[in-house]
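First the structure, in the form of structure tokens, and then the observations on it.
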Amino acid sequence: MNGVLRDGAVTVGGNARQQFHDARGYGTPADGDEIRLARVEAAHLLLRGDIDAVVDNGDGLDFAAFFAASAAADERFPLRFLVYADLRDRGFYLSPAREGWPGATDDERTDLTVAPRGTKPGAGEPAHRVVVVGERESIPAADLAGLTLAVVDEESEISYLDTSEPAFDGGTSYSPPADITGALIGDRVVVWDAPDGFHERGFYGQPLEAREATLDGVVQLSLIEAAALAAEGQLVVPDADDDSGHEEATLTATGVAGEMMPDSQATYTTIRERGREVDGERFDRRLAVYRALRDRQVVPKTGYKFGADFRTYNTVESVEALPHSERLVRVVAADHTFDPRDLSLDVRLAGGVRKRMVFALTGANGEIDWLAVSRLTP
């Protein structure tokens, strides 16, 4: 049985519709019992020996010749074929994401749509919309949630990554009072007389202590923590100077201007400027993410030990009974592009310490899109 290459698709006659499409989910029906196959589908049937050759301009091409010709016509064909063949070997029915094929999508990045196990293409919503990338390609982060990445490395091994928009279910109920006073010292703020539960139940800062010596009620805050508290009108640094204007100093976590007392405005401005000095333009984006997480009753703490911006705790009742953190959060710009190797490293590290990797895509006005990425075994 041969196929014929026409207009980028391979037409197969005989009993192809019953044998290949109806029974095994290949291609789309054409006239009578004919079916049309995409190049990856035809190549897979050639590799299996289910069809003998593909005829192109009178020449009968075997698998090797057809594979080479298809790679010459589309440089991404070899990667797509490797992923297609791998998923077929895993027992999935799948289709190329092209017009007229089952599960076709308007997302130009989608290469393959994978039917749920036990179903054929077109029977329902795809289980996976697969984006095929090589390890040296860049992956735009925007609008990636809901897609499955199939990363093909230089030795043709494939790693699958699941992407989604995470749901935050925080339950930390502690709210700081509005009369906290601190001192800006270097790249942190020291609260000399912290309110009850400030660290123990709210998990703000770290106590100032040394071996065999503890100063009761003294807590050191990071600049991010301090700026967030000042923005909410809960922290004042008495000697702060405000010289940047009211409107800029009163941005909330959602980017909407709110009201703060004059001392809080000055404190926020002073701490923010110090933060920009030590952390550059990333400070504002990290602050927006920190405040958005706190607004969801999730506690963010530094993720430095894990190479991330934050580690997060959904519910903190007391530091003495502190649970494991659930997520690592890396803050990136809204137009960020992933290097597959760096992305794999982040996801592998998060999984190795029993956490989920989350990226906060932060725009210039503080708007945030959340993207969770984890390893997937189809």
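Listed conditions (1) touching a strand residue (DSSP E or B) at 6+ places or on another chain (Cβ under 8 Å); (2) modelled with pLDDT of 95 or more; (3) of a type in the set (A, V, I, L, M) are all met by L287, apart from (1).
Any residue at all in the stretch 73-82 that is more than 19 Å from E155 (Cβ to Cβ), surrounded by 20 or more Cβ atoms within 10 Å (Cβ to Cβ) and in contact with a helix residue (DSSP H, G or I) (Cβ under 9 Å, 6 or more places away or on another chain)? Taking every residue of the stretch 73-82 in turn, none turns out to be more than 19 Å from E155 (Cβ to Cβ), surrounded by 20 or more Cβ atoms within 10 Å (Cβ to Cβ) and in contact with a helix residue (DSSP H, G or I) (Cβ under 9 Å, 6 or more places away or on another chain). The listed residues are Y313, Y290, Y304, and the only one of them that is aromatic (F, W, Y), without any contact (Cβ under 8 Å) to a residue 40 or more places away in the chain and closer than 30 Å to S173 by Cβ turns out to be Y304.
For residues in the stretch 24-41 being of a type in the set (D, E, K, R) and over 33 Å from the mean Cα position of the chain (by Cα), which is modelled with the lowest pLDDT?
Narrowing the stretch 24-41 to residues of a type in the set (D, E, K, R): 24, 31, 33-34, 36, 39, 41.
If we keep only those that are over 33 Å from the mean Cα position of the chain (by Cα) too, we end up with 24, 31, 33-34, 36.
Details: R24: 93, D31: 87, D33: 90, E34: 94, R36: 95.
Taking the candidates together, the pick is D31.
Per the listing D162, D187, D169, D179, the residue uniquely closer than 27 Å to E326 by Cβ and surrounded by fewer than 16 Cβ atoms within 10 Å (Cβ to Cβ) is D169.
With the condition kept exactly as written, say whether any residue in the stretch 263-286 is of a type outside the set (S, T, Y), outside the structural domain of V190 (by TED's automatic domain parsing) and touching a Phe, Trp or Tyr at 6+ places or on another chain (Cβ under 9 Å). Yes, the conditions are met somewhere in the stretch 263-286. Counting the residues of the stretch 77-128 that are part of a loop (DSSP other than H, G, I, E, B), without any contact (Cβ under 8 Å) to a residue 40 or more places away in the chain and under 18 Å from A43 (Cα atoms) gives 3.
What residue, among those in the stretch 55-76 that are charged (D, E, K, R) and free of Cβ contacts under 8 Å to residues at least 12 places away in the same chain, is nearest to I35 (Cα to Cα)?
Going through the stretch 55-76, the residues charged (D, E, K, R) turn out to be 56, 59, 62, 74-76.
Cutting the leftovers down to free of Cβ contacts under 8 Å to residues at least 12 places away in the same chain gives us 59, 75.
Working: D59: 20, E75: 25 Å.
This residue is D59.
Could you tell me whether V54 is buried (at least 23 other Cβ atoms within 10 Å of the Cβ) and more than 27 Å from G124 (Cβ to Cβ)? When the stated conditions are applied, V54 passes them.
Just so you know, in the stretch 333-378 the residues that are β-branched (V, I, T) and within 18 Å of R136 (Cβ to Cβ) include one that is surrounded by the fewest Cβ atoms within 10 Å (Cβ to Cβ), and it is T337.
Taken over the stretch 151-181, the criterion of being free of Cβ contacts under 8 Å to residues at least 60 places away in the same chain and either among the small types (G, A, S) or within 26 Å of G205 (Cβ to Cβ) (or both) is satisfied by A167, S175, P176, P177, A178, D179, I180, T181. V131 meets each of the listed conditions (1) in contact with a Phe, Trp or Tyr (Cβ under 8 Å, 6 or more places away or on another chain); (2) over 17 Å from E41 (Cβ atoms); (3) surrounded by 21 or more Cβ atoms within 10 Å (Cβ to Cβ) apart from (1).
The values are calculated or read from the model by the stated rules, or taken from the named source; none is laboratory data. Keep in mind that this is a model prediction, so the values were computed, not measured. We place every Cβ from the backbone using ideal geometry, glycine too, and count neighbours over all the protein chains shown.
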